[in-house]
Each structure stands twice: as C-alpha cells, then as structure tokens.
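For reference, the structure is listed below as structure tokens.
The values are calculated or read from the model by the stated rules, or taken from the named source; none is laboratory data. Everything numeric in this text was worked out from a predicted model, so none of it was measured. Don't worry about glycine lacking a Cβ; one is built from the backbone with ideal geometry, like all the others, and counts go over all protein chains shown.
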Amino acid sequence: MRKHIVAGNWKMHKNNQETIALLEEIIEKKEANTTEIVVAPTFVNLLTAVENTKGKGITVAAQNMHQAEGGAFTGEISASMLTSIDVKTVILGHSERRAYFHETDALLANKVDTALKHNMRVIFCFGEELKDRQIDNHFKVIEYQLRDALFHLEKSDWSNIVLAYEPVWAIGTGETASPAQAQEMHKFIRTLIDKVYGHEVADNVSILYGGSVKPDNAKEIFSNPDVDGGLIGGAALKAEDFLAIVNAF
Ligand code: 13P
C-alpha cells in the first residue's frame, strides 16, 4: 500500500534558532498519525534538524543535491554528505530550481540516479506552467517531464521515488488547483506509470500535490483517491497550519 506523506518545503526560510523552535512546536503539538511527516529545512540547518527530531517520527529531507559524487563544485552538496548526517530523502526538480537555477530534465535524471545510487529516497517535483494549461498542453508537459527525468529507471528503483505534482501557477500564488483538477492530473500520472511500469509500481507510488495547500483546502484535496499527500510551502512555516494539513487525512 502506498504511503500518505505530508512534506514541508521550508525553502530559504528559518535560520538555525527558528528551525529549532519550529521543530520543537511541531513535535510538541503533533498527534499520533499514520501520515509520514517530512520537513525540508535549508542545507545549513539539516544537521540541527536531524539531531532535534531523532526518535520523534519526523523525516528530514534536503531541498536539493548535486549530481556528482564530489569534486570542485563550489557551493554544492553531495549525496554522501547528506547521508553521512542521516538525511536520506531529497527533493529534486522543484520548479524554483528549474526556473531560477536552470535545472533541466536531463540534469534531473542524473541527480535522481545519484540519489538512488546512494539509497536515498527522491521526492521528485514536476508541474506545468499556466501557459501550458491555457493551451491545453498540460498533460503533454507532465508526460515529457516524467519521461525525460524518470522513465529510464528500473522497476525496482520506484520503491524510492515519491512524485510531487506542483502546477507552477499554484505555487505561492494562493491559487490552488481545484480538487477535480488535482485528481484529474494525479489519475493521468498514475495511468501513465501503469502503462510504462505496470500495476504494482503505479499502485504503490505516492503522488503528492503541491501548490497553495492550506489548512482550509487540504481536506478536500486529500480526499481524492489518487492524491496521497502534499508538498507544502508557505503553510509549512507555522506549526499549527502544517499540523492541520497533516491531520487533514
Ligand atoms: P506553497 O504551498 O507556498 O504554494 O508552495 C508550494 C511548494 O512550492 C512546495 O514545494
């Protein structure tokens, strides 16, 4: 059975002290739940986050990673640096990385390979822009993003892949895909995975929705059969809002 996951992508927010405070509040207020809780603070605070969540049922993830094993790549972070501090989940392909740091599907295919080689789990983000949806090209865009970054993988690799559909027009805009739009796309994605990899992979892969998920719309979005959780930006920065979303399942 696939997992329910709610992941907070903290982006470039929260310094070290704020990271500790937010984690403390999440730990204090969280209820027993079968939904996996993931938090992704910035690189510099990952070790702090790992130390402060030990044994507390919270997974710490990185927001990005370099594809090379190591070398002269000033400012970059490798897979083994992450696993050496017990960070075994990484978000790859976020639309902000694609837009501002020119990450392409081909590059992301490399990053995914490196992460899997290190036994890491990948939360792979993808999504169409508004202009694609306006000309009814969104299904094609999603199909090509998945094909170019992930469809070279072996069937067995998929146990370490989580998909996160994040329509770019819904990120940080307050505009959410309607529950029907989310379900329509998630079903399309699962059907596509089924065609390429078969039922077992398609049934077991968790597909998260991201883009302006808030406490007041989470329940409706998560009630769709093909939505297995959320990747949360702004609302993940307040413990109460984040936990309300976690509890929305
Ligand atoms: P918002 O929830 O702020 O729209 O951000 C979504 C996101 O980009 C999560 O990765």
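Before moving on, here are some points about what is shown:
- For the condition closer than 26 Å to S212 by Cα and of a type in the set (A, V, I, L, M), I171 qualifies.
- Which listed residue, of V60, V112, V50, V44, is within 16 Å of the ligand (Cβ to nearest atom) and of a type in the set (A, V, I, L, M): V60
- Taking the criterion of being out of contact with any Pro (no Cβ under 9 Å at 6 or more places or on another chain), hydrophobic (A, V, I, L, M, F, W, C) and not in a loop (DSSP other than H, G, I, E, B), the residues of the range 123-137 that qualify are I123, F124, C125, F126.
- Every residue from the range 204-240 that is touching a helix residue (DSSP H, G or I) at 6+ places or on another chain (Cβ under 8 Å), under 16 Å from V38 (Cβ atoms) and surrounded by fewer than 19 Cβ atoms within 10 Å (Cβ to Cβ): L237
- Hits in the range 202-249 - residues which are under 19 Å from F188 (Cβ atoms) and of a type in the set (S, T, Y): S206, Y209, S223
- Counting only helices (runs of 4 or more DSSP H) wholly contained in the range 16-103, the ones carrying 1 or more residues that are surrounded by 13 or more Cβ atoms within 10 Å (Cβ to Cβ) and aliphatic (A, V, I, L, M) occupy 16-29, 46-53, 79-84.
- Residue within the range 167-179 that is at pLDDT 95 or above, surrounded by 19 or more Cβ atoms within 10 Å (Cβ to Cβ) and out of contact with any Gly (no Cβ under 6 Å at 6 or more places or on another chain) present: no
- For the range 196-249, the helices (runs of 4 or more DSSP H) that sit wholly inside it and include 2 or more residues that are within 12 Å of the ligand (Cβ to nearest atom) are 215-222, 239-246.
- Filter result for N45 (under 23 Å from L163 (Cβ atoms), in contact with a Phe, Trp or Tyr (Cβ under 9 Å, 6 or more places away or on another chain) and at pLDDT 95 or above): no
- Residues satisfying the stated conditions in the range 155-178, i.e. within 16 Å of the ligand (Cβ to nearest atom) and either in a helix (DSSP H, G or I) or in contact with a strand residue (DSSP E or B) (Cβ under 8 Å, 6 or more places away or on another chain) (or both): V162, L163, A164, Y165, E166, V168, W169, A170, I171, A177
- Within the range 108-150, considering residues that are touching a His at 6+ places or on another chain (Cβ under 7 Å) and closer than 24 Å to T173 by Cα, the one surrounded by the fewest Cβ atoms within 10 Å (Cβ to Cβ): D132
Conditions (1) over 18 Å from the mean Cα position of the chain (by Cα); (2) closer than 17 Å to F139 by Cβ; (3) at pLDDT 95 or above, marked per residue:
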residue	(1), (2), (3)
A182	no, yes, yes
H186	no, yes, yes
I189	no, yes, yes
I193	no, yes, yes
S223	yes, no, yes
D228	no, no, yes
A235	no, no, yes
A239	yes, no, yes
V246	no, no, yes
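- Positions within the range 65-123 being on the phi > 0 side of the Ramachandran plot and of a type in the set (S, T, N, Q), in sequence order: N119
- Flag for H186 being more than 24 Å from N119 (Cα to Cα), out of contact with any strand residue (DSSP E or B) (no Cβ under 8 Å at 6 or more places or on another chain), surrounded by 20 or more Cβ atoms within 10 Å (Cβ to Cβ) and not aliphatic (A, V, I, L, M): no
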